[in-house]
1. Being in contact (Cβ under 8 Å) with a residue 12 or more places away in the chain, out of contact with any helix residue (DSSP H, G or I) (no Cβ under 9 Å at 6 or more places or on another chain) and farther than 30 Å from TYR184 by Cα narrows it down to one residue among LEU221, LEU247; which is it?
2. Considering only region 124-168, how many residues are at pLDDT 90 or above, over 20 Å from GLN63 (Cα atoms) and charged (D, E, K, R)?
3. Just one of GLU146, GLU123, GLU196, GLU191 is of a type in the set (D, E, K, R) and without any contact (Cβ under 8 Å) to a residue 24 or more places away in the chain; which is it?
4. Quick test of your reading of the structure: CYS217 fulfils all but one of (1) modelled with pLDDT of 90 or more; (2) within 25 Å of ALA151 (Cβ to Cβ); (3) surrounded by fewer than 16 Cβ atoms within 10 Å (Cβ to Cβ). Name the failing condition by number.
5. Scan region 158-180 for residues that are within 27 Å of ASP140 (Cα to Cα) and of a type in the set (Gly, Ala, Ser) and jot them down.
6. Can you find a residue in region 6-19 that is at pLDDT 65 or above and assigned to a strand (DSSP E or B)?
7. Here are some conditions: (1) closer than 26 Å to ASN135 by Cβ; (2) hydrophobic (A, V, I, L, M, F, W, C); (3) at pLDDT 85 or above. ILE27 meets all but one. Which one does it not meet?
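The values are calculated or read from the model by the stated rules, or taken from the named source; none is laboratory data. Values in this document were obtained by computation on a predicted structure and should not be read as measured data. Glycine also receives a Cβ, built like all others from the backbone with ideal geometry; neighbour counts cover every protein chain displayed.
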Amino acid sequence: MYKYFNIILLLYLFFIIDCYSQTRFSISFSQSNKKDWQQGEKQILESSFLFETKQKLDIFSFQNQITLKTALGVQLLKDKNYKGIDTWIPTDNELYFDYMLKYPCGWLVDPFYSTTATTQLVESFTLSESNKSVNSAFWDPITTLESFGFAYSVSDSLLNLTSRIGISLKQVRAYLNTGTTDDYKTSDIKERYKYERGISFKNDITLNYASNLSHRCTFELFSSFERFENWTVKFQNEFQVKIWEWLGIIIKADVYYDEIQSPSIQYKQSTRIGVNATI
């Protein structure tokens, strides 16, 4: 009897859930050789992979949205000036998960709860002339952000926009790579956990300018109540230009600012050609 009850419950949930799913991926490659008097002899081979899936489920009166993204790029650098050995350097290196529960109550904005987790997929390094030191690895550190507030959404064939602002709890956990968790005031102790309470803002935009040109933009802000004058900024842009059905150009331009990581603005820009698909 209990088995049949579970089957009936699953069938019931299947019929009341309104599902929406979108998955996209891209694979790109680049290669270069150079030898000059300024930088010496170098051979560079780069490959990158992106996979992102978004699932939207409407259960009763609640909207559930799940986003999972993995971005991994590696660069093989053969530099005669760096010990004459092959060096693997990660370029794109992110595992991202976001879950948002929203209740559409008929207002201009809707109340929501969200949880986000971000970490690295592989080890990242800091290169110098003498050595290569690890500064991050998978789950070390990992940053989570829980938020509660209000969200605004609009969607049509040209624009997909979701903006949300709320009270947040930011937590960073590390084990060996404690650069973002360690308190410099306690030099004899390596802190592996750090939390901040504050305000967060996130803006996700997808613009379809034409059938062969799209722009995805993510803009995030966070500031803790303890140091409200300092803001953490994450601004990611991705342009996709379709050449043929599955072949296109991917242009990325990212800007980061985190005073704990670096007192100056960090940025990354790349242009690649490869296979792009949206399912």
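1. LEU247
2. 1
3. The match here is GLU191.
4. Result: CYS217 fails condition (3) only.
5. Matches in region 158-180: GLY166, SER168, ALA174, GLY179.
6. Step one: filter region 6-19 for residues at pLDDT 65 or above, giving none.
No: region 6-19 contains no residue that is at pLDDT 65 or above and assigned to a strand (DSSP E or B).
7. (1)
Okay, residues lined up against (1) modelled with pLDDT of 70 or more; (2) closer than 27 Å to GLY274 by Cβ; (3) not in a loop (DSSP other than H, G, I, E, B):
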| residue | (1), (2), (3) |
| --- | --- |
| THR23 | yes, yes, yes |
| LYS34 | no, yes, yes |
| LEU45 | yes, yes, yes |
| LEU57 | yes, no, yes |
| GLN65 | yes, no, yes |
